[in-house]
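Shown next, in structure tokens, is the structure this report addresses.
The values are calculated or read from the model by the stated rules, or taken from the named source; none is laboratory data. All of these numbers come straight from a predicted model, not from anything done at the bench. Cβ sites come from the backbone with ideal geometry, for glycine too, and all protein chains shown count toward neighbours.
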């Protein structure tokens with residue numbers, strides 16, 4: 001009889017550990033980190049074991065941001081990208097519209113969050129930072145934050161010690177390419193619908209203008225006829241007066 005081949009699990013990598021730790025609940029972080037480091041060590045990967053042990057437990061706000069739903073977070077980040085582009089173009093009308101849209105989406109995301117007021121404020125600041133700075137955007141999209149972010153209103157967001165490890169931002173940029181493609185499709189659909197609505201409104205305005213022009217032309221024709229009639233009556237009256245004066 002032939003021997004049955006038993007497949008062995010692949011050795012644990014740092015990326016695997018990061019994904020398991022930061023995708024999971026913070027309450028299990030320390031226990032799972034210890035287990036994963038022990039597994040890496042038993043597999044002879046001492047460097048990976050040390051790197052796993054060095055991974056930091058996220059704050060409550062960071063964990064909350066890491067676990068936000070993909071669609072609302074992606075829509076918020078996409079609006080942030082569009083807003084930064086509008087700011088570069090100095091397009092004030094678009095900036096005003098996108099700022100309002102950012103507030104709406106941010107409020108919708110925060111409505112799904114159930115944390116302390118302090119952590120909620122940190123989540124809000126982190127998401128605002130992600131819409132203001134592309135590096136912060138990639139950091140949030142990586143889902144590996146260990147602390148919240150804050151944007152001062154000028155320059156770049158400080159990302160020192162904000163991520164699980166130095167390569168985490170690459171994961172975020174890769175995720176953003178997918179999110180931005182989907183968001184761009186949705187934005188294109190919204191823009192097409194907006195253009196159709198604007199065209200319908202413009203056509204309605206054209207029709208109303210045509211009706212007003214027709215009414216004005218009718219009124220003008222009536223006024224011209226009345227003027228001509230009055231001029232004829234005046235001429236008749238003046239002729240009669242001259243005839244009387246000549247008698």
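For this structure, a couple of remarks:
- Residues within the range 51-70 that are assigned to a loop (DSSP other than H, G, I, E, B) and closer than 25 Å to residue 111 by Cβ, tallied: 5
- When residue 48 is tested against the conditions (1) in a helix (DSSP H, G or I); (2) over 23 Å from residue 16 (Cα atoms), the lone failure is (2).
- The residues in the range 22-45 that are in contact with a helix residue (DSSP H, G or I) (Cβ under 7 Å, 6 or more places away or on another chain) and outside any helix (DSSP H, G or I) can be counted, and the count is 1.
- Test: residue in the range 8-24 that is in contact with a strand residue (DSSP E or B) (Cβ under 9 Å, 6 or more places away or on another chain) and under 23 Å from residue 120 (Cα atoms): yes
- If the condition is being in contact with a helix residue (DSSP H, G or I) (Cβ under 9 Å, 6 or more places away or on another chain), over 19 Å from residue 73 (Cβ atoms) and exposed (fewer than 11 other Cβ atoms within 10 Å of the Cβ), then the range 90-112 contributes 92, 93.
Residue by residue, here is whether (1) closer than 26 Å to residue 115 by Cβ; (2) crowded, with 22+ Cβ neighbours inside 10 Å; (3) in the same structural domain as residue 114 (by TED's automatic domain parsing) holds:
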{"residue": "19", "(1), (2), (3)": "yes, no, no"}
{"residue": "22", "(1), (2), (3)": "yes, yes, no"}
{"residue": "26", "(1), (2), (3)": "yes, no, no"}
{"residue": "32", "(1), (2), (3)": "yes, no, no"}
{"residue": "39", "(1), (2), (3)": "no, no, no"}
{"residue": "43", "(1), (2), (3)": "no, no, no"}
{"residue": "47", "(1), (2), (3)": "no, no, no"}
{"residue": "50", "(1), (2), (3)": "no, no, no"}
{"residue": "66", "(1), (2), (3)": "yes, no, yes"}
